[in-house]
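For reference, the structure discussed in these notes is given below.
Each reported figure results from applying straightforward, stated rules to the coordinates on display, with no laboratory input. This structure is a prediction, so every number in the text was calculated from the model and none was measured. With ideal geometry, Cβ positions are generated from the backbone for all residues, glycine too; neighbour counts draw on all protein chains shown.
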Amino acid sequence: MGKHFGNLARVRHVITYSLSPFEQQAFPNIVSHGVPNVGRRFASQVLKVVPPLAIGYLIYSWGTQEFERLKRKNPADYEHEQ
């Protein structure tokens with residue numbers, strides 16, 4: 001009664017290949033190609049990422065310090081009270 005899920009359509013002229021998981025290498029060339037690739041990618045993106053983060057941090061820290069400074073009471077306003 002009907003076709004099974006794996007045999008729903010007949011595909012012609014398509015060749016598929018597979019490799020046994022026991023023959024695959026889990027981390028091929030991780031040291032010789034992977035580590036230099038990470039360094040190259042980091043170096044290419046560092047000038048795009050670090051300046052906005054540094055500017056944002058400087059604005060945030062300045063805003064926090066300014067808020068704390070403005071939150072204090074002015075001692076000159078209370079000199080005449082004693």
(message) Along the Cα→Cβ direction, 7 angstrom out, place labels at Val49 and Arg69. What is the inter-label distance in nm?
(response) 3.3 nm
(request) Mind pulling the angle between the C-alpha long axis of helix 35-71 and the longest principal axis of the chain? Nearest 10 degrees, somewhere in 0 to 90. (result) 30 degrees
(message) What does the net charge come to around Gln65 if you take all other residues with beta carbon closer than 13 Å to its beta carbon, with K and R at +1 and D and E at -1?
(response) +1
(message) Just to confirm the filter: which GluC sites (Glu not before Pro) across the chain are DSSP coil and have at most 10 other Cβ within 10 angstrom of their Cβ?
(response) Glu23, Glu79, Glu81
